[in-house]
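The values are calculated or read from the model by the stated rules, or taken from the named source; none is laboratory data. Predicted model, so just to flag it, every value in this text is computed and none were measured. Cβ atoms come from the backbone with ideal geometry, glycine included; neighbour counts cover every protein chain shown.
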Amino acid sequence: MRTHAILPTPQLRQARLQLVEHGITPTAQIDALVSRSWHRSLAAGLSPIGRLDCLDNLAGSSLQRARTLNHDLISHSEPVMEYLFEQVRQSHSMVILADAQGVLMHTLGDLDFLNKADRVALRCGASWAENQRGTNAIGTALAEANEVEINGAEHYLDRNGFLTCAAAPILSAQGKLMGILDISGDHRSRHPHTLGLVSTAARMIENSLVLSSCRQQILVQLHAKAEGIGTVAQGVLAFSEDGWLVGANRKALDLLGLRHADMHTVSWPQLFEEAFERLLSAQQRNKGRPSQLHTVQGGIFYAQLHSQSQAQQSVTITLAPTRDALSQLNSGDPLWQQAADKARRVMDKNIPLLITGESGVGKELFAQAVHQCSARKDKPFIAVNCAAVPEHLIEAELFGYVGGAFTGAAKNGMPGKLREAHGGTLFLDEIGDMPLGLQTRLLRVLQERTVTPLGSSAAIAVDFALMGATHQNLRQAIDQGRFRSDLYYRINGLSLHLPALRERTDLQTLTQTILQKFAPDADLSLHPEVSTAMAAFDWPGNLRQLSHVLRTAVALLDPHETQINWVHLPDDLAEDLQRCAQTLTPQAPAQNLHALSLKAIEHALENARGNVSAAARQLGISRQTLYRKLQ
Ligand SMILES: Nc1ncnc2c1ncn2[C@@H]1O[C@H](COP(=O)(O)OP(=O)(O)OP(=O)(O)O)[C@@H](O)[C@H]1O
């Protein structure tokens, strides 16, 4: 962006002279970008006046080679350049495409101006990199990786002072600078809109490149309005089949607050609330009409999805298993996502995970998903509930035994869960409930990585990834002498806490995902009152309770019904929920309306842990309305 207006030519010449003679520019008057570029030009050994030596110009076969290397850039730019040229025809200008080194690849121009331009080598093969020709829109846009306008005597070389040039970079889907689009003309015919025109045209080329280079991926076109899809202002995102962001145009990054550096580190569920498959099937049902898409940060867009496999009508089937197990569980809650991100980082690094959280928050499902994402996924996942097995059996259950080791033992013995987990993952649920004696044996196994079955003296090597889970406070258990501290440190390579359902901000998405699991062919929803009450409810049984409630509700629906209402809920829960709803619904006289709505807002904000977007969603109002009410 320009920081200063364009100065008259004599002042600019004077300033350049001062730079060349004294190495300084009067920064108070000269535009910061121009000043930076002049300094670079000076450092490259260029002089504003006189001859230019040894320029890197390409011709013949080397130009041909460069054009072949830039084939995609040129072919996507040509139609846009022709359109652009139509807009500037007869204004003594030309439209120029340069590659990422500043070498001109393609030009279109008014004949009278082309002759003039040829004298300063504005022709194919010539390099307009800054170190070759000093400050100029093409070279400076490359150096600054930004759109640039250079006018008249702002050009470092005096010989280019008759030009006015506006240039904008063209970026690939991964943010690589592919080339520069430029309009150059006689500086007397400078138009203030030229830079905007060039930038828009560069974005058109960029969109076309992104759509083409990512056509093997799943493409999402999005805009705040359905009508904006397909226009130059649309965002374009590309996702791999397993849901990772692999490409985007700049508009999409702006819309979602992302950077090109986020490629391959951000996945669909971290961005959007709707499950991917759900959006795809909605698109198939609606014959490709744009569907609404909610970002986890509360933004609403319209989106259209394209996938090569969509054309073959098989996309839902091919994609469903390709989102990895952790992504499939992710429905957008930031605390849950933090735990999943940490788990991904330590995965396959032999670090035991200790998963904590209230009963029913999904610790075992989480552990299974981590196993499914790990290198051990084709080996067994063995879960042992340390609280459910009677104390006198748990030792045999875990360590196994040889035939006839004790009364009632199986004739041929049993390998035990630790050996069954060999190569895979051992998940010790409710590890806080493990008897002390067994804790000592388990510690030995973990230290020695061998198991000695009951009744045997032979140690057998075992290799498994270890995950434990507990709803207990293990530190407290240590203080009370119920849990060995050395075992605690051994099993707690990294502890991950899963949030309780009342703390989560993704209740709506979770509900939709669970409903879809129970009734894949129906488009079920909750009655708004039920939904609001559920959002305010405490859910002591967490996801297990929610899942049971929804399963029952789906079973109670009549075949033609698609909305879950109070009558579809178990009586006791309906009563609890209605009590919650009463705290939210204004039933008192009108003068209390304000107080009641404040209470509902307070409640929703508390539930959403201060996240205004999530609170607005819970209340069924827009973010703007919530902000207004808060004011
Ligand atoms: N992400 C999820 N989506 C849908 N249902 C879920 C999800 N996570 C958990 N559930 C439901 O909750 C139930 C309990 O999950 P899980 O056994 O993993 O919880 P837990 O925290 O290990 O419970 P506990 O502490 O009682 O062992 C599951 O059987 C499932 O019905």
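Quick notes on this structure:
- Checking each residue in the stretch 205-223 for being touching a His at 6+ places or on another chain (Cβ under 9 Å), surrounded by fewer than 21 Cβ atoms within 10 Å (Cβ to Cβ) and part of a helix (DSSP H, G or I) picks out Ser208, Leu211, Ser212.
- Whether a residue is buried (at least 17 other Cβ atoms within 10 Å of the Cβ) and among the polar types (S, T, N, Q) was assessed, and Ser77 passes this test.
- Residue check, Phe85 of a type in the set (Phe, Trp, Tyr) and touching a residue at least 60 places away in the same chain (Cβ under 8 Å): no
- Evaluating Phe366 against the criteria (1) touching a residue at least 40 places away in the same chain (Cβ under 8 Å); (2) in a loop (DSSP other than H, G, I, E, B); (3) not small (Gly, Ala, Ser) leaves one unmet condition, (2).
- The residues in the stretch 116-162 that are surrounded by fewer than 24 Cβ atoms within 10 Å (Cβ to Cβ) and assigned to a strand (DSSP E or B) can be counted, and the count is 2.
- Residue within the stretch 582-597 that is assigned to a helix (DSSP H, G or I), modelled with pLDDT of 80 or more and over 28 Å from Gln516 (Cβ atoms) present: no
- Every condition in (1) touching a residue at least 60 places away in the same chain (Cβ under 8 Å); (2) closer than 30 Å to Glu561 by Cα; (3) assigned to a helix (DSSP H, G or I) is met by Leu515 except one, and the failing one is (1).
- Residue satisfying condition, being closer than 30 Å to Arg490 by Cα and at pLDDT 80 or above, within set Asp262, Asp348: Asp348
- Criterion violated by Arg444 - all others in (1) away from the ligand (no atom under 11 Å from the Cβ); (2) in contact with a Leu (Cβ under 9 Å, 6 or more places away or on another chain); (3) in the same structural domain as Ala421 (by TED's automatic domain parsing) satisfied: (2)
- The C-beta contact set for the stretch 447-474 (first residue surrounded by fewer than 15 Cβ atoms within 10 Å (Cβ to Cβ), second residue of a type in the set (Asp, Glu) and assigned to a loop (DSSP other than H, G, I, E, B), distance under 8 angstrom, 6+ apart or interchain) comprises Arg449/Asp463.
- Residue check, Asp479 within 11 Å of the ligand (Cβ to nearest atom) and of a type in the set (Asp, Glu): no
- Single residue of the stretch 518-545 satisfying the filter (in contact with a helix residue (DSSP H, G or I) (Cβ under 6 Å, 6 or more places away or on another chain) and assigned to a loop (DSSP other than H, G, I, E, B)) that is surrounded by the most Cβ atoms within 10 Å (Cβ to Cβ): Trp539
- Only one entry in Phe381, Phe366 is of a type in the set (Phe, Trp, Tyr), touching a Leu at 6+ places or on another chain (Cβ under 9 Å), assigned by TED's automatic domain parsing to the domain that holds His471 and farther than 23 Å from Leu546 by Cα, namely Phe381.
- Qualifying residue in the stretch 482-497 (condition: farther than 30 Å from Pro435 by Cβ and of a type in the set (S, T, N, Q)): no
- Filtering the stretch 482-498 to residues that are touching a residue at least 24 places away in the same chain (Cβ under 8 Å) and surrounded by fewer than 21 Cβ atoms within 10 Å (Cβ to Cβ) leaves Arg482, Arg484, Asp486, Arg490, Asn492, Gly493, Leu494, Ser495, His497.
- Candidate set: the stretch 169-204, residues that are among the hydrophobic types (A, V, I, L, M, F, W, C) and not in a helix (DSSP H, G or I); chosen: the one farthest from Glu144 (Cα to Cα): Ala173
- Just so you know, in the stretch 328-341 the residues that are within 17 Å of Trp244 (Cα to Cα) and outside any loop (DSSP other than H, G, I, E, B) include one that is nearest to the ligand (Cβ to nearest atom), and it is Leu329.
- Test for Glu503: is it away from the ligand (no atom under 16 Å from the Cβ), surrounded by 15 or more Cβ atoms within 10 Å (Cβ to Cβ) and farther than 30 Å from Leu438 by Cα: no
- Matching residues in the stretch 343-379 - criterion: being more than 12 Å from the ligand (Cβ to nearest atom) and within 20 Å of Asn473 (Cβ to Cβ): Pro352, Leu353, Leu354
- Every pair of residues 6+ apart whose Cβ atoms lie under 7 Å, when the first sits in the stretch 526-547 and is touching a residue at least 40 places away in the same chain (Cβ under 8 Å) and more than 20 Å from Asn611 (Cβ to Cβ) while the second is buried (at least 21 other Cβ atoms within 10 Å of the Cβ) and among the β-branched types (Val, Ile, Thr): Val530/Ile564
- Among the residues making up the stretch 244-294, those that are of a type in the set (S, T, N, Q) and over 17 Å from the mean Cα position of the chain (by Cα) are Ser281, Gln283, Gln284, Asn286, Ser291, Gln292.
- Identity of the residue in the stretch 380-401, in a loop (DSSP other than H, G, I, E, B) and within 12 Å of the ligand (Cβ to nearest atom), that ends up farthest from Gln439 (Cα to Cα): Ala388
- Of Val210, Val198, all but one fail to be in contact with a Gly (Cβ under 9 Å, 6 or more places away or on another chain), of a type outside the set (Asp, Glu) and within 17 Å of Ser77 (Cα to Cα); the exception is Val210.
- Looking only at residues in the stretch 321-373 that are within 22 Å of Ala535 (Cβ to Cβ) and of a type in the set (S, T, N, Q), the one that is surrounded by the most Cβ atoms within 10 Å (Cβ to Cβ) is Asn330.
- Qualifying residue in the stretch 378-401 (condition: touching a residue at least 12 places away in the same chain (Cβ under 8 Å), exposed (fewer than 14 other Cβ atoms within 10 Å of the Cβ) and under 18 Å from Leu454 (Cα atoms)): yes
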